[in-house]
Amino acid sequence: MESNYQHINEDFLSEFLKACLTSKSILEIGIKHLQYHYIISEAHKKIFEKVVQVYQLQNTLPTIGSLSQEFVKNENVLKLLIQLKTINVADKKDILLQTFETFLKKVKFQDLYKKTGILYNEGHQDKAIDLLYKESVKIANFTIKDQYYTTVFSSFQQRQIERQSKERERTGYEKVPFSIHCLDYDTRGGMNKGTSHCLMARSGGGKSTALRWIGMSAARMGMRVVHFQGEGSEQETLDAYDAGWTGTNLEEMEFGYLDSSKIKLIEKANKDIIASGGEVFVRGIENFEELYLEDCDEILDDIEKIHGPIDLIIYDYLELWKIRGKYYNSEAGERKRREDVANRITTTAVKRHAAALTATQANDIQPTTYNNPAFILTRSNISEYKGAIKPFSSFITLNQTDDEAENNIFRLYEDKFRKYRAKKTHKISASLDNSRFYDSKKSLVLFWDEKTNQPK
């Protein structure tokens with residue numbers, strides 16, 4: 001390989017690109033050291049850009065076949081890919097790296113020579129000599145192989161992530177838990193993939209907190225969650241999620257205050273969640289004229305392409321979403337719209353083999369009614385269209401008197417379970433100050449028998 005004004009010979013570059021397609025360590029070296037202005041050929045540049053993009057987004061190496069499909073309309077790139085297919089670099093990787101390292105040393109020395117020359121000609125001879133001495137030592141000791149050799153201990157975490165990712169793709173999850181003991185007990189483990197589910201509460205009655213609890217709990221189990229927020233800003237949703245998974249008061253989280261005693265625990269939990277492959281992708285849509293489920297589908301397509309299958313999709317909340325089309329401005333038109341939205345959410349769950357979860361708001365309930373400890377919300381309290389719950393596999397209501405709210409207690413009423421016995425009411429403890437809908441420790445003490453794994 002020869003350098004001409006700091007450009008790389010195309011024959012060498014072809015071999016180096018082929019090595020990048022077969023070795024993550026070599027590609028990482030290329031990402032760190034191969035600057036785009038070294039590359040004259042547009043075809044080589046486009047391929048390298050695409051390889052880097054795929055690797056950084058998906059942590060995998062693209063194939064020549066996938067690249068050919070990507071550049072199906074670019075004749076020059078296709079010709080180069082055909083050439084790369086015939087190149088064998090299995091026994092040439094060390095020499096390729098040595099040659100590339102030599103090229104980089106020459107480039108660095110050329111740059112140093114120019115800098116020292118400028119200093120010398122401007123009358124700064126001492127500075128020029130000092131710069132030449134210090135930088136030439138660095139150039140002599142320069143190496144690109146610091147990440148090339150495989151290690152046992154320092155690279156263990158990355159290998160473990162890859163193993164778990166492969167195992168996850170092999171086994172998958174067939175249920176997404178509610179992560180609330182009584183609901184998971186009654187549903188034999190939670191929400192089945194390919195089904196949709198709906199919660200209901202009064203205005204301000206904990207719907208969003210419950211949705212986030214289920215989402216963050218699924219992520220902690222290694223699942224991928226997509227949360228569409230139709231009310232409030234995306235930042236507010238992120239703050240609430242952060243408060244919930246770290247167990248921090250929401251006000252403190254909004255101002256960035258974290259208890260020093262909890263920081264290490266939070267950092268460890270964060271690493272564990274990432275290592276398991278779990279994540280919550282939040283998309284807030286703040287323009288109330290553009291809450292279309294068709295737009296959500298496009299976002300889900302993008303996330304699946306980049307990150308893989310989705311386990312849980314959350315829509316907060318049902319009434320806010322629309323489907324493109326004309327609906328009459330009447331009660332019948334509104335009922336039809338909500339029916340179509342509920343059906344579309346269910347269809348999305350089936351199509352993507354994911355659980356879908358949303359919530360709806362109850363109609364106005366008088367304090368004298370909801371403060372009766374025996375009162376529970378049912379489908380008859382759905383605002384507007386009561387038939388909206390028909391497509392959902394489960395329908396659960398969140399109930400509280402003012403006294404129960406003061407003591408962080410909810411009564412969950414299982415109005416509908418398609419496959420399981422419903423019409424049960426369970427008490428749970430919450431921790432709403434920390435944006436946690438469910439306080440498992442308190443609930444286990446007060447309302448659940450751990451010995452029999454049943455409600456008390």
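Please treat every number below as a calculation from the coordinates, not as lab data. Everything numeric in this text was worked out from a predicted model, so none of it was measured. As a convention, Cβ positions derive from the backbone with ideal geometry for all residues, glycine included, and neighbour counts pool all protein chains shown.
Tabulated results
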| item | result |
| --- | --- |
| Derived scalar couplings ³J(HN,Hα) [segment 358-370; Karplus, 6.51 cos²θ - 1.76 cosθ + 1.60; whole Hz; x for Gly, Pro] | 9, 9, 9, 9, 6, 6, 5, 10, 6, x, 5, 7, 6 |
| Label-point separation in nm, Gln83 to Ile139, each point 7 Å along Cα→Cβ | 3.0 |
| Size of electric dipole in the chain: Cβ of Lys, Arg +1 and of Asp, Glu -1, about Cα centre, debye, nearest 20 | 1700 |
| Among Val350, Gly244, Asn141 - extreme Cα towards positive end, dipole of the chain, charges at beta-carbon | Val350 |
| Relative contact order for segment 10-147, counting Cα pairs under 8 Å that sit 6 or more residues apart, in percent | 26 |
| Kirkwood hydrodynamic radius (C-alpha pairs) into Stokes-Einstein, segment 10-147, 20 °C and 1.002 mPa s, D in µm²/s | 128 |
| Cross-link reach list, lysines versus Lys106, counting only Cα pairs under 18 Å and skipping chain neighbours closer than eight places | Lys32, Lys114, Lys115, Lys134, Lys138, Lys145 |
| Projected label distance in nm at Glu331 and Gln235, using a 7 Å step from Cα toward the beta-carbon | 4.3 |
| Sites His33 and Lys423, calculated FRET efficiency, Cβ-Cβ separation with R0 60 Å, nearest 0.05 | 0.35 |
| Nearby lysines by direct alpha-carbon distance to Lys427 (threshold 29 angstrom, same-chain neighbours under 8 apart not counted) | Lys175, Lys193, Lys207, Lys386, Lys390, Lys416, Lys419, Lys441, Lys442, Lys451, Lys456 |
| Using a Förster distance of 56 Å, the FRET efficiency for Tyr292-Ile129 (Cβ separation, nearest 0.05) | 0.25 |
| The chain: antiparallel DSSP beta bridges as a percent of all, rounded to 5 | 40 |
| Loop-located trypsin sites (Lys or Arg not before Pro) in segment 279-383, at most 12 other Cβ atoms within 10 Å (DSSP) | Arg324, Lys326 |
| Residue-span extension gain [Asn363 to Arg324] - 0.36 nm each, minus C-alpha spacing | 11.5 nm |
| Charge dipole (the chain, unit charges on Cβ, about Cα centre) - positive-most of Tyr328, Leu119, Leu78 | Leu78 |
| Label-to-label distance, nm, for residues given as Glu49 and Asp433 (7 Å Cα→Cβ offset) | 5.4 |
| Selection of chymotrypsin sites (Phe, Trp or Tyr not before Pro), segment 1-97, meeting DSSP coil and at most 14 other Cβ within 10 Å | Tyr5 |
| Relative contact order, percent, segment 305-456 [alpha-carbon distance under 8 Å, six or more residues apart] | 15 |
| Relative contact order, percent, the chain [alpha-carbon distance under 8 Å, six or more residues apart] | 16 |
| Value of D in µm² per second that Stokes-Einstein yields for the chain, Kirkwood Rh from Cα pairs, at 20 °C (1.002 mPa s) | 82 |
| Local electrostatic count at His307 - Lys and Arg +1, Asp and Glu -1, tallied over other residues with Cβ under 10 Å | -1 |
| Size of charge dipole - segment 10-147 - debye, nearest 20, with Cβ of Lys, Arg +1 and Asp, Glu -1, no other charges | 140 |
| Computed helical MRE - 222 nm, the chain, DSSP H runs ≥ 4 contributing -39500 (n - 2.57), nearest 500 | -15500 deg cm²/dmol |
| Theoretical gain in end-to-end length, Asp111 to Glu75 [0.36 nm per residue, Cα-Cα removed] | 9.4 nm |
| Selection from Phe395, Ser431, Met216, by position along the positive dipole direction of segment 169-455 (Cβ) | Phe395 |
